[in-house]
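The values are calculated or read from the model by the stated rules, or taken from the named source; none is laboratory data. Being a predicted model, the structure only gives us computed values, none of them experimental. So basically every Cβ, Gly included, is an ideal-geometry build from the backbone, and we count neighbours across all protein chains shown.
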Amino acid sequence: MFASRITTSIPFKKSLVSYYCIFSLFLSVVVFSSGIYFYLLKDIEDRSQSAKSALIHRMDEVFSELKQVVDEASFACEEGDIKRLRHKTFYSPIFKEFGLFDDDFRVYCTNFGLRNFSIFSTVGDRIKQSKDRTTVSLMKSRSLGESTFIAFYLGENGIGANGLAPPHSLSVDIDHLLLPDYPYELTVGKSALVANELKTTSKILAQEVVSLDDWAMTLRVVLPSNMYWSKVIALLPFGVVLWIVFWVISCVLHWSFLHYGRSLPHCLRRAIRDNDMEVYYQPIVSLNDNKIHDMEALIRWRSPHHGQVSPLSIVEMSGRLNLLGDLTWMVIRNVGQFYRENQKQLNNITTAVNVDRYCLLNDDFIATLIDLLEEYPELKGRLGLEVTETSALTDTELPLMVSRFEHIKALGIELSVDDFGTGYSGLDFLRRFPYDTLKLDRVFIASLKDDQFTQQVLTSITKLAKELNMKIVAEGVEHKDQLDAVRALGINSVQGYYFCVPLPQDQALTWLMENDTK
Ligand code: G
Ligand code: MN
């Protein structure tokens, strides 16, 4: 496929490997440390919510016990009443003491016997304001003198019950859920029920606060720095794996980008985008006056990574990459520039550019062509298009193509049928499309001298072309005897190595200067 191939193995510098080593170390430290931090934040949030649910559950238990006490109680404080309260205390999972109070909030009975004292008026007010006639409080118990959790419930029957519990009995479930990882503080109103977070000496990195508004309870869970660092140490092997993975990925990515950057499709795309290809020119010699009236523009590309790429491969790959249009526009621009820079020498010469037939069918083909002619007015009346008939057109494509041809001709652009005789271009086809020039494929020219059949075919083609007022160009004339045979057929325009190979701009200009005046 390619005239020559330059080695495409990609060197990977050692310094780059160590650069990526340091870069991925830095990246893994950032990802690892922040990953653990965010993981712990999520964990603390989840576990705080579980603790809240556990606390709600515990409070439900607290009040269902008090309701049972109220249901079984009377306004008296006799032997039987006291016994019932003791019995309840004995079996209670939470409470160590029960009391009964009336709707004046006077405690008249406990499981220790008759009592007569008032509950704080603030507590009484809270009970009255609460929709379930319940409240909780943290205060020093009269009987124990210890900080005690007290729950109150005033029943519909006007009897109230309160239960006293050590603060710890309320927080066992929370301890289970949060400790030892996350110390916490549980407050009732303004008083702390549990405050193990205060014991921690390390810095607090984050905290999560959840509230139980019904009970004026707040649970504040903290993330201490020692917890964070212990997690970091525990997961350090994982951090090292992360580092290695990042290292490998960054090296592989770098290599892939290098590889992709040097791949043929990518190089081709870039070359078309950056106008990095060259256009060569092959003169077509008129045998009548030995002058040059026409040339063919031919694409040539030397890729820095793939060497010289054949025009066939360029066209085939451009087709696959959907870049044939761009390729054509690039060539026309190059030709335009050539004409702009050498107006005098090229004034009487038409240059034909090869165009893929399916590009002609594109909706914006004519509009782009008009734009280009405006960009390069030097090309007006000096541009031609060569089309190869490679496949039959469908019934919908045919009228579209005819209209394109009419548009192109109206723009003063000459149309040639390229490689005539090899594709689908038949004689009927010539009648249908208003071509100006017919270019006979070089296979005919190669066999013309010895093959009588070819001679007969070419004789009739030549006749037909003359009838249709078309110019004929013989392509691929390499030897004198081929030239003579072509001339004998009455063909007056010749392209081929016999006269001139395709030449870069400067050489083409020199050739024109030296040969056009003969
Ligand atoms: O299909 P088309 O006519 O566009 O093909 C033109 C190609 O033919 C160009 O790549 C050009 O280099 C090549 N070419 C031009 N003249 C000759 C010739 O005399 N002999 C051969 N074999 N190829 C030629
Ligand atoms: Mn051609």
Taking the conditions exactly as written (of a type in the set (Gly, Ala, Ser) and part of a helix (DSSP H, G or I)), does GLY124 satisfy them or not?
yes
Only helices (runs of 4 or more DSSP H) wholly contained in the stretch 332-407 count here; list those with 3 or more residues that are away from ligand 2 (no atom under 16 Å from the Cβ).
343-346, 365-375
Exception for ARG357 within (1) modelled with pLDDT of 95 or more; (2) out of contact with any Pro (no Cβ under 8 Å at 6 or more places or on another chain); (3) within 15 Å of ligand 1 (Cβ to nearest atom) falls at (1)
Boolean, GLU185 is among the charged types (D, E, K, R), free of Cβ contacts under 8 Å to residues at least 40 places away in the same chain and not in a strand (DSSP E or B):
no
What do you reckon, is VAL240 surrounded by fewer than 14 Cβ atoms within 10 Å (Cβ to Cβ) and within 27 Å of the chain's Cα centre (by Cα)?
no
Just the residues that are part of a loop (DSSP other than H, G, I, E, B) and among the acidic types (Asp, Glu), please, taken from the stretch 93-105.
ASP102, ASP103, ASP104
Considering every residue within the stretch 445-464, establish whether at least one is within 16 Å of ligand 2 (Cβ to nearest atom) and within 22 Å of VAL285 (Cβ to Cβ).
yes
Taking the stretch 106-121 and keeping only residues that are of a type in the set (A, V, I, L, M, F, W, C), loosely packed, with under 14 Cβ neighbours inside 10 Å and part of a strand (DSSP E or B), one is left with LEU114, PHE117
What are the residues in the stretch 464-480 that are more than 12 Å from ligand 1 (Cβ to nearest atom) and within 18 Å of ASP418 (Cα to Cα), if any?
LEU464, ALA465, LYS466, LEU468, ASN469, MET470, LYS471, ILE472
Tell me whether the stretch 250-259 contains one or more residues that are surrounded by 18 or more Cβ atoms within 10 Å (Cβ to Cβ), touching a strand residue (DSSP E or B) at 6+ places or on another chain (Cβ under 8 Å) and not in a strand (DSSP E or B).
no
If I ask for residues that are touching a residue at least 60 places away in the same chain (Cβ under 8 Å) and among the β-branched types (Val, Ile, Thr), which ones from the stretch 348-388 would you list?
ILE349, THR350, THR351
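Considering each of SER286, SER310 in turn, give the residue that is away from ligand 2 (no atom under 16 Å from the Cβ) and among the hydroxyl-bearing types (Ser, Thr, Tyr). Steps first, answer last, please.
Values: SER310 fails: away from ligand 2 (no atom under 16 Å from the Cβ).
Sole residue among the options that is away from ligand 2 (no atom under 16 Å from the Cβ) and among the hydroxyl-bearing types (Ser, Thr, Tyr): SER286.
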Would you say ASP289 is surrounded by fewer than 14 Cβ atoms within 10 Å (Cβ to Cβ), modelled with pLDDT under 95, charged (D, E, K, R) and on the phi < 0 side of the Ramachandran plot?
yes
From the list LEU411, LEU385, which one is out of contact with any Phe, Trp or Tyr (no Cβ under 6 Å at 6 or more places or on another chain), within 16 Å of ligand 1 (Cβ to nearest atom) and farther than 29 Å from ASP481 by Cβ?
LEU385
Criterion: in contact with a helix residue (DSSP H, G or I) (Cβ under 7 Å, 6 or more places away or on another chain), surrounded by 21 or more Cβ atoms within 10 Å (Cβ to Cβ) and at pLDDT below 90 - qualifying residue of LEU170, LEU186
LEU170
Please state which one of ARG142, ARG133 is surrounded by fewer than 19 Cβ atoms within 10 Å (Cβ to Cβ) and modelled with pLDDT of 90 or more.
ARG133
Restricting attention to the stretch 63-80, does a residue exist that is exposed (fewer than 15 other Cβ atoms within 10 Å of the Cβ) and under 23 Å from LEU179 (Cα atoms)?
no
